[in-house]
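Student: First, the structure itself, so that you have it in front of you.
The values are calculated or read from the model by the stated rules, or taken from the named source; none is laboratory data. Note that the coordinates shown come from a computational prediction; the quantities given were computed from them, not determined experimentally. Using ideal geometry, Cβ is built from the backbone for each residue, glycine included, and neighbour counts are taken over all protein chains shown. Ligands, DNA and RNA are excluded from the accessible area calculation, which covers all protein heavy atoms including side chains. Shrake-Rupley method; radii C 1.70, N 1.55, O 1.52, S 1.80 Å.
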Amino acid sequence: MYVAVGDAVYTSTDKEDWDIVDVALGEFSHVVYADKFYMSVDGVGIYSFDGDAWVLEVQDACTYTHAITVDGVPMFGTADGRIMYGPSWNFVFVAPGAVSMIYDTQFHVVVDSETTLETFSGTLFDLVSEGTTDIEDFTVTDTWYDTQRKIFVVAAYATDDKSPVFFNYSKGEWTMVFSDLDTHAVSLADGGVATENAVYTTTDYVSFDLLHTFEDFEVRTLLNV
């Protein structure tokens, strides 16, 4: 199942037909699934949903930048350099900047400081920097581990003209790829790329096939459960 969140919640089994779910908790920024759904609301905190009731798990008036599940543990990155993790909802400080997380055989963290990407690897409590890459004049929107190509992918856009771009990370190096999207991607998932109002599929992050266009709904995060 695919879940798209923003000022509403939509679900789909094929990324083409979508059903709206009525949830009145504000505008969600990120969503992840562990034993149940966890969703963040910027400036409020993190909610959980077990199929019956919504519970405010932690109140933290920050901006949430990413969400991921690692070995069944829900984690949320923040714009002030932290990783908040359940079920205790303590946090680990990584570095100043917006935090995104990736997991393949080990834990990876990408911190966007607006001018550089700094990549860390290791475990949640023992992260080692692998160095920084200059991305001045680009704004990062999401990070993903592509299980098919076995590379890390960062979605971004040029700050001056909003043109979409992707950064691929493999063997310690970042490569910039320009795409033919009309607008920048806001979220990545297995087999799917979301812009603010549409869902696409791609195999190379250069060419994209349109699957669905939303009306009166702005996507913040696309999740593949």
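Student: Ordering Ser88, Ser40 by how much accessible area each has at a 1.4 Å probe, largest first, what is the list?
Tutor: Highest to lowest solvent-accessible surface, that is Ser88, Ser40.
Student: Now a separate question. Excluding residues fewer than 8 places away in the same chain, name every one of the lysines whose C-alpha is closer than 21 Å to that of Lys171.
Tutor: Within reach: Lys150.
Student: Treating the beta-carbon of each Lys and Arg as +1 and of each Asp and Glu as -1, no other charges, what is the dipole magnitude of region 133-221 about its Cα centre, to the nearest 20 debye?
Tutor: Computed charge dipole of region 133-221: roughly 440 debye.
Student: Which whole-Hz couplings ³J(HN,Hα) result when phi for each residue of region 45-57 is put into the Karplus expression 6.51 cos²θ - 1.76 cosθ + 1.60, θ = phi - 60°, listed in order with x for Gly and Pro?
Tutor: My calculation for region 45-57 gives x, 10, 9, 10, 9, 9, x, 10, 9, 9, 10, 6, 6 Hz in order.
Student: State the percentage of accessible surface on region 70-225 attributable to carbon and sulfur atoms; use a 1.4 Å probe and exclude ligands, DNA and RNA.
Tutor: Here it works out to 48 percent.
Student: Next question, about the same structure. Of Ala34, Val73, Trp18, which is farthest towards the positive pole of region 1-127's charge dipole, taken about the Cα centre with +1 and -1 on the beta-carbons of Lys, Arg and Asp, Glu respectively?
Tutor: It is Val73.
Student: 5 Å is the cut-off here: which amide hydrogens, built 1.01 Å from N in the peptide plane, fall below it relative to Ser187, excluding neighbours closer than 5 in sequence?
Tutor: Hits under the 5 Å cutoff: Ala194.
Student: Right, next: Keeping all protein chains in place and using 1.4 angstrom, which order do Leu223, Leu25 fall into by accessible surface area, from largest down?
Tutor: Leu25, Leu223
Student: Something else: Please identify which residues in region 80-107 have an amide N closer than 20 Å to a label point set 7 Å out from the Cα of Thr116, following the Cα→Cβ vector.
Tutor: Residues 80-83, 93-102 qualify, since their backbone N sits under 20 Å from the label point.
Student: Let me spell out the model: positive unit charges on the Cβ of Lys and Arg, negative unit charges on the Cβ of Asp and Glu, origin at the Cα centre of the chain. What dipole size does that give, in debye rounded to 20?
Tutor: My answer is approximately 640 debye.
Student: Let me ask something else about it. Round to the nearest 10 and report in Å² the accessible area of Val21, as given by a 1.4 Å probe over the protein chains' heavy atoms.
Tutor: Rounded to the nearest 10, the figure is 60 Å².
Student: When all alpha-carbon pairs of the chain are counted, what percent fall beyond 28 Å?
Tutor: Tail of the P(r) past 28 Å holds 24 percent of the pairs.
Student: Moving on to the next point. May I ask you to give the solvent-accessible area per residue for the chain, in square angstrom, as obtained with a 1.4 angstrom probe?
Tutor: It amounts to 47 Å² per residue over the chain.
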